[in-house]
Amino acid sequence: MLRRIPVIAACAAALAFSALSASAMTSHVHGFAIPGVYGVRAWGTYAGAAARVRVTVCVEDTARGVYGAAAVGLAFDSRYRRHDNVSAITVGYDHTQCRVVLTRYTSHLVVEALSGYKNGKVRQRGKLKQVY
């Protein structure tokens, strides 16, 4: 009876792992910080999914004097001709927003954060950062 328990557990584990796709088992989530500006905190993650990359970008408004905050990610191919973008925008103090895109452009990813005034004009832009 005691020998059956490890065998049953091993079979259950093998069945569970066989249900996952190969890319799900080998995919690693990588986090990155986006250079911020006053009143804006931005971050994101990326993970490979077969021949695509899942990119998440998040932004938080952290100052009462900042009306709006935005974070943008741009994934593009090696020839700089085609691209996908993902942007997260939030309005109001202590609000957070995240957005996700699944892109086939895996050569480069650049990100940037910015803050804005109530009239829609850009208050301050952060530094452009290349993630990969």
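The values are calculated or read from the model by the stated rules, or taken from the named source; none is laboratory data. Model, not experiment: these values are computed from the prediction. All Cβ positions, even for glycine, are placed from backbone atoms using ideal geometry, and neighbour counts span all protein chains on display. Just so you know, the surface numbers come from the protein's heavy atoms only, side chains and all, with ligands and any DNA or RNA stripped out. Shrake-Rupley method; radii C 1.70, N 1.55, O 1.52, S 1.80 Å.
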Pairs where the first residue, in segment 58-82, is in contact (Cβ under 8 Å) with a residue 12 or more places away in the chain and over 14 Å from Val110 (Cα atoms) and the second is surrounded by fewer than 17 Cβ atoms within 10 Å (Cβ to Cβ) and among the polar types (S, T, N, Q), C-beta under 6 Å, 6+ apart: Glu60/Thr96
Just for segment 115-132: of the residues that are open to solvent by less than 40 Å² (accessible area, probe 1.4 Å) and assigned to a strand (DSSP E or B), which one is modelled with the highest pLDDT? Ser115
Any strands (runs of 3 or more DSSP E) falling wholly within segment 19-113 and containing at least 3 residues that are crowded, with 17+ Cβ neighbours inside 10 Å: 40-49, 52-61, 68-76, 83-91, 96-103
In this structure, is Val110 of a type in the set (A, V, I, L, M) and over 13 Å from the mean Cα position of the chain (by Cα)? no
